[in-house]
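Written below as structure tokens is the structure these notes are about.
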Amino acid sequence: MPVLLNGMTKISQSGERFVPASDQTLLIYFGESISQEAHELVVRFLRLLEREPLRNVRNVHPAYCSVLVKFDALRWTHAELEAALRERISRLGSVPLPAARVVEIPACYEKAYAPDMAEICARRGWSAERVIALHTATSYQVYFLGFVPGFAYLGELPEELAEARLATPRRAVPAGSVAIAGRQTAVYPFATPGGWRLIGRTPMRMFRAEDGGSSVLAIGDRVQFRAISAEEFLELEKTCR
Amino acid sequence: MPVIRVMEPGMFTTVQDLGREGYGEMGVSPSGAADALSLRIGNRLVGNGEGAAGLEMTLVGGTFEFSEPGTLALTGADFGAWLDDVPVEMWRSCEVRAGQTLRMEGTRDGARGYLCVRGGIAVAEVMGSASTHVLSGMGGFAGRVLRRGDVLQIGGQAGAEQPFARSALGKAPPQQRLAGRILSTAGRKLVRARKKLRVTVGPQSDWFGPAAPRRFYGDAYRVTEESNRMGLRLAGPVVEKLPRGEMISEGVASGAIQVPESGMPIILFVEQQTTGGYPKIANVISADFHSLGQLRPRDEISFELVDWEMARALLREQEALLGSDERLFD
């Protein structure tokens with residue numbers, strides 16, 4: 001995997017693909033698979049649009065290797081916007097990649113907070129400690145935030161922990177649940193329906209709408225989980241409110 | 001400050017404006033009125049800026065008591081409304097006296113009705129918008145649906161007092177000129193909810209089998225009970241997918257029609273997830289979004305494919321009519 005450094009970096013310009021998604025959105029694919037390279041292009045693209053905003057572009061939805069751009073359909077056609085974006089993308093190499101913050105997330109993996117732990121362990125003949133050790137051993141990349149406010153897609157989970165989604169998603173996953181699915185892991189910021197497997201819970205509030213909105217995690221961050229006891233969980237829960 | 005007392009909240013009533021755009025990077029969907037056209041027109045009827053906050057009611061309307069005199073308008077679905085004992089006409093501004101009670105019943109047509117009051121519903125804006133995002137408990141009144149006993153403040157909302165009609169006077173017209181303002185015939189035609197939804201081709205239309213388009217565009221779908229502001233789940237002919245494996249999650253547009261494993265399409269709506277991993281066969285055009293807000297469970301709908309040029313032309317036409325007080329009101 002090529003290592004992209006801050007500052008001037010050579011980036012292949014041939015790869016982008018533009019696809020209209022609706023009459024007011026345009027999808028830009030920076031790659032056709034999940035990779036660090038595509039992710040870094042997505043981040044550079046967002047930072048460039050932030051630095052040089054386009055008029056009548058209303059919103060952006062980044063993902064693993066694509067960005068959905070929402071625009072005013074009375075001011076732009078897809079072709080016009082594509083041309084304007086191609087011009088910016090040609091300068092992506094000059095956009096410095098912000099240094100990754102490392103965010104520590106305390107998580108309690110004890111039984112009461114980990115409804116799927118027993119099954120995951122049983123399938124492998126493992127102890128919960130082994131799962132916890134594996135989950136907390138790696139720092140994860142925040143590929144993007146999506147689904148609901150503050151939900152960060154983190155990867156990659158060690159292969160040995162890869163789990164299929166639940167056949168029937170839960171109607172409500174408790175807020176703060178630490179979950180895994182495939183080679184991904186995440187924290188559910190709110191009580192939402194969810195099909196990922198739950199192995200713990202954090203007392204942190206992952207998203208706050210107050211004061212203009214803030215999320216514990218942002219695209220490009222790295223995340224390190226830290227195992228805490230149930231007592232610590234309750235203690236931290238008070239201060240996190 | 002004048003207030004509205006919630007005597008009965010109705011089935012699912014929230015404070016909504018035109019939504020919060022620009023926070024996609026944080027996973028925040030725009031939310032806002034499910035039938036934005038009705039909210040915009042309701043605000044215009046009472047002399048507010050189009051984006052002022054109003055109440056969105058679903059299937060069953062509420063009962064509200066007004067503490068002080070004011071001007072209100074009801075738009076969207078017709079819930080059959082009375083101000084004390086006098087029936088209230090839809091799509092027309094009307095005066096309310098101090099202490100009067102506005103009472104509504106179940107829907108007679110459509111799914112969502114709007115109550116707009118002159119001055120707007122005053123709630124703290126969250127990320128630039130008054131709209132409620134129920135799932136995350138964000139915005140609106142305490143981030144939730146209204147309950148009996150809630151007290152909503154009127155007026156003081158930024159933008160609510162913007163002059164409508166960009167009038168030559170340069171200020172909001174006097175109260176008496178608003179009374180009896182009524183939507184024109186052309187305006188009524190504009191807001192009529194369509195059951196044949198016009199769509200553009202989706203970004204993964206090549207993920208579906210050769211029979212899929214004939215099915216999808218040829219047959220009718222039924223809106224199921226499991227539909228809400230996040231999405232409309234449909235039942236009908238299975239849209240057959242090609243065995244192409246799993247898609248990589250990507251940003252999803254409002255009105256996207258995604259097809260999960262079951263083959264039953266889901267139309268993503270105002271409180272939609274911002275990203276998703278199911279292929280999209282089509283996308284409802286912007287000019288028809290308001291119709292989605294009026295769909296009820298068991299309604300039958302169908303889809304008609306249009307090109308980008310047509311989608312834009314229809315939106316332009318809609319906005320041109322909305323931009324003209326002369327054409328919009330009698």
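The values are calculated or read from the model by the stated rules, or taken from the named source; none is laboratory data. Just so we're clear, the structure is a prediction, and the values are computed from it rather than from any experiment. A quick note on method: Cβ atoms are made from the backbone with ideal geometry, for glycine too, and the neighbour counts reach across all protein chains shown.
Annotations
- Evaluated against (1) farther than 21 Å from residue B:261 by Cα; (2) not in a strand (DSSP E or B), residue A:199 falls short on exactly one condition, (2).
- Filter pass, residue A:227 being at pLDDT 95 or above, among the small types (Gly, Ala, Ser), surrounded by fewer than 20 Cβ atoms within 10 Å (Cβ to Cβ) and in a loop (DSSP other than H, G, I, E, B): no
- The residues of the range B:276-294 that are facing another protein chain (nearest Cβ under 10 Å), over 27 Å from residue B:79 (Cβ atoms) and buried (at least 24 other Cβ atoms within 10 Å of the Cβ), listed by number, are B:280, B:282, B:283, B:285.
- Selection count, the range B:282-310, where residues are assigned to a strand (DSSP E or B), closer than 12 Å to residue B:253 by Cα and either touching a helix residue (DSSP H, G or I) at 6+ places or on another chain (Cβ under 8 Å) or free of Cβ contacts under 8 Å to residues at least 60 places away in the same chain (or both): 2
- Checked against the criteria, residue A:101 does not count as away from chain B (no Cβ under 12 Å) and under 29 Å from residue B:206 (Cβ atoms).
Listed here are the residues, each with its yes/no results for (1) within 14 Å of another protein chain (Cβ to nearest Cβ); (2) of a type outside the set (S, T, N, Q); (3) more than 30 Å from residue A:175 (Cβ to Cβ).
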| position | (1), (2), (3) |
| --- | --- |
| B:93 | no, no, yes |
| B:102 | no, yes, yes |
| B:116 | no, yes, yes |
| B:119 | no, yes, yes |
| B:133 | yes, yes, no |
| B:146 | no, yes, no |
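- Hey, residue A:219 touching an Asp or Glu at 6+ places or on another chain (Cβ under 8 Å), outside any loop (DSSP other than H, G, I, E, B) and touching a residue at least 60 places away in the same chain (Cβ under 8 Å) or not: no
- The range A:144-158: number of residues that are touching a helix residue (DSSP H, G or I) at 6+ places or on another chain (Cβ under 8 Å) and either within 9 Å of chain B (Cβ to nearest Cβ) or within 14 Å of residue A:196 (Cα to Cα) (or both): 5
- Filtering the range B:1-54 to residues that are within 12 Å of the chain's Cα centre (by Cα) and among the basic types (Lys, Arg) leaves only B:40.
- The one condition from (1) assigned by TED's automatic domain parsing to the domain that holds residue A:227; (2) at pLDDT 95 or above; (3) loosely packed, with under 13 Cβ neighbours inside 10 Å that residue A:153 does not meet is (3).
- Just one of (1) surrounded by 16 or more Cβ atoms within 10 Å (Cβ to Cβ); (2) away from chain B (no Cβ under 14 Å) fails for residue A:187. It is (2).
Residue by residue, here is whether (1) in contact with a strand residue (DSSP E or B) (Cβ under 6 Å, 6 or more places away or on another chain); (2) under 17 Å from residue B:279 (Cα atoms) holds:
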| position | (1), (2) |
| --- | --- |
| B:204 | yes, yes |
| B:220 | yes, no |
| B:231 | yes, yes |
| B:238 | no, yes |
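- Residue that is modelled with the lowest pLDDT, among those in the range B:204-220 that are within 11 Å of chain A (Cβ to nearest Cβ) and closer than 22 Å to residue B:269 by Cα: B:205
- Single match in B:110, B:119 (criterion: crowded, with 21+ Cβ neighbours inside 10 Å and under 18 Å from residue B:52 (Cβ atoms)): B:119
- Residue match in the range B:46-58 (condition: more than 20 Å from residue B:1 (Cβ to Cβ), of a type in the set (Asp, Glu) and surrounded by fewer than 23 Cβ atoms within 10 Å (Cβ to Cβ)): yes
- Matching residues in the range A:39-85 - criterion: being assigned to a loop (DSSP other than H, G, I, E, B) and hydrophobic (A, V, I, L, M, F, W, C): A:54, A:63, A:65, A:73, A:74, A:76
- Residue A:212 more than 12 Å from chain B (Cβ to nearest Cβ), at positive phi and not hydrophobic (A, V, I, L, M, F, W, C): no
- In the range B:217-257, the residue that is farthest from the chain's Cα centre (by Cα) out of those that are polar (S, T, N, Q) and surrounded by fewer than 22 Cβ atoms within 10 Å (Cβ to Cβ) is B:224.
- Residues (in a strand (DSSP E or B) and under 22 Å from residue A:151 (Cα atoms)) located in the range B:233-277: B:250, B:251, B:256, B:258, B:266, B:267, B:268, B:275, B:276
- None of B:201, B:223 is of a type outside the set (Ser, Thr, Tyr), closer than 21 Å to residue B:271 by Cβ and modelled with pLDDT of 95 or more except B:223.
- Of the numbered criteria (1) of a type in the set (D, E, K, R); (2) over 18 Å from residue A:221 (Cα atoms); (3) out of contact with any Lys or Arg (no Cβ under 7 Å at 6 or more places or on another chain), the one residue A:44 fails is (2).
- When every residue of the range A:135-150 is checked against the conditions, at least one turns out to be in contact with an Asp or Glu (Cβ under 9 Å, 6 or more places away or on another chain), modelled with pLDDT of 95 or more and of a type in the set (S, T, N, Q).
- Scanning the range B:21-51 for residues that are in contact (Cβ under 8 Å) with a residue 60 or more places away in the chain and among the hydrophobic types (A, V, I, L, M, F, W, C) yields B:28, B:33, B:34, B:36, B:37, B:39, B:41, B:45, B:46.
- Any hit, the range A:14-28, residues being assigned to a loop (DSSP other than H, G, I, E, B), within 12 Å of another protein chain (Cβ to nearest Cβ) and modelled with pLDDT of 95 or more: yes
- Residue count for the range A:92-134 under the criterion of being among the basic types (Lys, Arg) and surrounded by 13 or more Cβ atoms within 10 Å (Cβ to Cβ): the result is 1.
- Restricting attention to the range A:64-77, the residues being closer than 24 Å to residue A:41 by Cα and under 27 Å from the mean Cα position of the chain (by Cα) number 8.
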